[in-house]
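Written out below as structure tokens is the structure these notes cover.
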Amino acid sequence: MRVAFRTSFLYLLCTKTAAAGIKELEGAPSVRRVLTAVLFAMFVNAPAVRAQAGPVEGGHELQVWTGGGRGINGSQSGDGVWNAGFRYGLILTAPHGPGFLRGRLEYAVDAVPVFMVAQKTNTAYGVGINPFAFKWALDTHSSVVPYLELGGGTLFTNTKVPEGTSRINFTTSGAAGLHFLRSKRNLSAEVRYMHISNAGLSTPNPGINTIQFRLGFGLFSQKE
């Protein structure tokens, strides 16, 4: 019924046929075309906007992600990093805050079964766990949701990272990214700074400072 209504309505607008209550814009065909395009966009996009599954208080986030990058300074500036993992998050709050900073707070945990560090003389393979990540997702009322994040965790590798230091390291990170919402799922893209070091477990402790680009695919569950 809704599709038929849209089709008939757009037909009347796009042709010169007059109908009760709808008069042709005399001498202004360009205005009629613009109006037609605007109304068509509103009719097509309105259901998609209503159906977008974004973060809501009490909801959950499930995501798979992967990212990679390189060291940016110091003795480890040439090291490459690649990792992949799974995320479970809980949306803690309803929207709070002033103006454009208004958003929701999320707490999340990451399991990282793949963590690779390409060093000058070898490649280290490891696993990690990030027991805390706090994300602030802005309340944009649109299909694009910007966010900021801080987090940290532990990394275990089969060889020392950096070389000659420790097989156990700690990671701290900060990220800025975007969720692209769809009807049920979402894509995310972010830039992430990550510091890797052993926090003094061994000497020396040069650490690795990296910039990474991360992509994610997931969903936000909605409260009933």
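Every number here is computed from the coordinates shown, using simple stated rules; none is lab data. Just so we're clear, the structure is a prediction, and the values are computed from it rather than from any experiment. Reconstructed Cβ throughout: ideal geometry from the backbone, glycine too, with neighbour counts over all protein chains shown.
Data overview
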item	result
Total formal charge among the other residues, if their Cβ is under 12 angstrom from that of Thr210, Lys/Arg +1 and Asp/Glu -1	+2
Spherically averaged projected area of segment 122-224 from its Cα convex hull (nm²)	7.7
Linear extension gain, Phe213 paired with Tyr88, 0.36 nm per residue minus alpha-carbon span	43.0 nm
R0 of 35 Å, Cβ-Cβ distance Thr140-Arg70: FRET efficiency to nearest 0.05	0.65
Charge tally in the Cβ shell below 15 Å around Gly128, where Lys, Arg are +1 and Asp, Glu are -1, Gly128 excluded	+3
Backbone N within segment 84-101 under 12 Å of label point (7 Å from Ser221 Cα along the Cβ vector)	88-91
Within segment 62-79: backbone nitrogen closer than 14 Å to the His195 label point (7 Å, Cα to C-beta)	72-74
Amide H contacts of Val161 (H built 1.01 Å from N, under 5 Å, at least 5 apart or other chain)	Ser166, Arg167
